[in-house]
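Asks: Could you have a look at this structure, given as structure tokens, before my questions?
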Amino acid sequence: MGIGAHIVALVIWYAPFEVFDRNAKRMQRDRAASRVLDSREVDYLRDEVAARVADRLLDIKRRYHTVVEIGAGCGHLAKSVDDDMMDKLVMYEMAKGALERDAGNEYMVDVERRQGDEENLALEPESLDAV
């Protein structure tokens, strides 16, 4: 067998290494969100990060039509923005439980919830002002 056959065999057996198990991560996030009181107890960190992101959006002197928050969880950015900043916030989250944990909350901006894998976004081209 020549060297070419060994290379072909190597290519056939090679599979990309998957660092994160997306399904396990989704189940973990759903499980965490299902423990509502416990998950709210640690929201303060994500809420702080979201408030800082909202503050940075205010530094840019323009109004946004549509903004997407990838990995939105339970709606941390939605708590810190208002309709003077944007028309709509799309909360994009892989875990349905996290996305719907606070679905009854009202925000000062129109919110659309979308469930999907953050690594394979199902968003229309040219439909967003900020991500």
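The values are calculated or read from the model by the stated rules, or taken from the named source; none is laboratory data. All values derive from a computational prediction rather than experimental measurement. Cβ sites come from the backbone with ideal geometry, for glycine too, and all protein chains shown count toward neighbours. SASA here: full protein model, heavy atoms, side chains in, ligands and nucleic acids out. Shrake-Rupley method; radii C 1.70, N 1.55, O 1.52, S 1.80 Å.
Asks: What are the extents of the Cα atoms of region 53-131 along their three principal axes, listed from largest to smallest and rounded to whole Å?
Replies: Between the extreme Cα coordinates on each principal axis of region 53-131 lie 34, 29, 17 Å.
Asks: If packing is taken as the average count of other Cβ atoms within 10 Å, what order do 68-79, 26-37, 51-62 fall into, highest mean first?
Replies: In decreasing order of mean packing, 68-79, 26-37, 51-62 become 68-79, 26-37, 51-62.
Asks: Right, here's the next one. Hey, what do the phi angles of region 94-103 turn into as Karplus ³J(HN,Hα) couplings, whole Hz, using 6.51/-1.76/1.60 and θ = phi - 60°, x for Gly and Pro?
Replies: 3J(HN,Hα) across region 94-103, in whole Hz: 7, 9, 4, x, 5, 5, 9, 4, 10, 4.
Asks: Quick check: pseudo-label points 7 Å beyond the Cα along Cα→Cβ at Phe20 and Asn105, how many nm apart are they?
Replies: So the two model labels end up 2.1 nm from each other.
Asks: Suppose each label sits 7 Å from its Cα in the direction of the beta carbon; what would the Arg56-Asp129 distance come out to in nanometres?
Replies: In this crude label model, Arg56 to Asp129 measures out at 1.8 nm.
Asks: Using the alpha-carbon atoms, what tilt in degrees (0 to 90, nearest 10) does helix 43-59 show relative to the longest principal axis of the chain?
Replies: For helix 43-59, the angle is close to 80 degrees.
Asks: Based on Cα coordinates alone, diagonalise the gyration tensor for region 63-107, multiply each eigenvalue by 5, take square roots, and list the semi-axes in whole Å, largest first.
Replies: Each semi-axis is √(5λ); the values are 19, 11, 7 Å.
Asks: Tell me the angle of helix 3-13 to the major Cα principal axis of the chain, expressed in degrees between 0 and 90 and rounded to the nearest ten.
Replies: 40
Asks: Please state the relative contact order of the chain as a whole percent: Cα pairs under 8 Å, 6+ residues apart?
Replies: Here the relative contact order equals 24 percent.
Asks: For helix 22-34, report the angle its Cα long axis makes with the longest principal axis of the Cα atoms of the chain; keep it between 0 and 90° and round to the nearest 10°.
Replies: Taking the Cα atoms of the chain, the angle to 22-34 is about 30 degrees.
Asks: Continuing with this model, one more query. Which lysines, on any chain, are close to Lys25 with Cα under 19 Å apart, when same-chain ones fewer than 8 places away are left out?
Replies: Hits, sequence-local ones excluded: Lys96.
Asks: Right, something else. Give the accessible surface of region 66-114 per residue, rounded to a whole number of Å², with probe radius 1.4 Å and ligands, DNA and RNA excluded.
Replies: Here the residues of region 66-114 average 38 Å² of exposed surface.
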